[in-house]
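Every number here is computed from the coordinates shown, using simple stated rules; none is lab data. Bear in mind the structure is a predicted one, so any value in this text is a computation, not a measurement. Positions of Cβ are backbone-derived with ideal geometry, glycine not excepted, and every protein chain shown enters the neighbour counts.
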Amino acid sequence: MWACLSLLITLCLLHGGGAESDGGGPRCQLPPAWKIGEVEPMNGAMGQVTVLALFQILLNSDFPCLSRMDDLRQKLEGQGLKDVVYMVVNQQTEQARRLHTMLAQRLSENITLYKQDEQQPDVWKTLSGQKDDFLIYDRCGRLTHHISLPYSIIGQGHVEGAIKDTYCKRICGDCTHEDESSCKLALISASY
């Protein structure tokens, strides 16, 4: 049991070093306001770590990024990191909007998919994001990591490390929504 707990604490302390890009705004700042229709997704995520993925869905794609993202979500939840919101913002192009329904059918119900409206500002541009970027926000909505290709490929460990860092460390200082023991409780519950 202690070996498992030690391993989990070590994993929580690992950092995805060098994975941040310059995009997405300054670290530890609130993101610029963005909406999908009348919904402001970041407002609904306050109090939870937020993982925002920017995916471009192409025709004839088997959507491997979505299954890997859900596998990562399941893995982290199995390790006790349960207070995390996962969302995907599809590209704003006409093709992406046409394929949105197909994408929604293949996406886990535990990951929220947002379809951009062509009449609204492009969320990707608002966030200074690009295809396959991951933006990780702390419980107060502050940007802790903006990970771009090639570091954003799930399985390399950078996205997972960024989520664990954000969940377990106070990267941006104190947050009124944080519980100091959230990481410790998650690690202890995962060891049983």
*asked:* Can you tell me what share of the DSSP beta bridges in segment 56-172 is antiparallel? A percent to the nearest 5 is fine.
replied: 50 percent
_Value of relative contact order over segment 56-172, rounded to a whole percent, pairs C-alpha under 8 Å and six or more apart_ = 22 percent
*Proximal lysines to residue 75, defined as alpha-carbon separation beneath 22 angstrom and excluding residues fewer than eight positions away on the same chain*: 164, 169, 184
_In nm, spacing of pseudo-spin labels at residue 177 and residue 109 (7 Å Cα→C-beta vector)_ = 2.4 nm
*For segment 56-172, with the dipole built from +1 on Lys and Arg beta-carbon atoms and -1 on Asp and Glu ones, taken about the Cα centre, which of 156, 89, 76 lies farthest toward the positive end?*
76
_Over the Cα atoms of segment 56-172, each weighted equally, I'd like the Debye log10 I(q)/I(0) at q = 0.13, 0.17, 0.18, 0.24 Å⁻¹, rounded to two decimals._
-0.52, -0.90, -1.01, -1.60
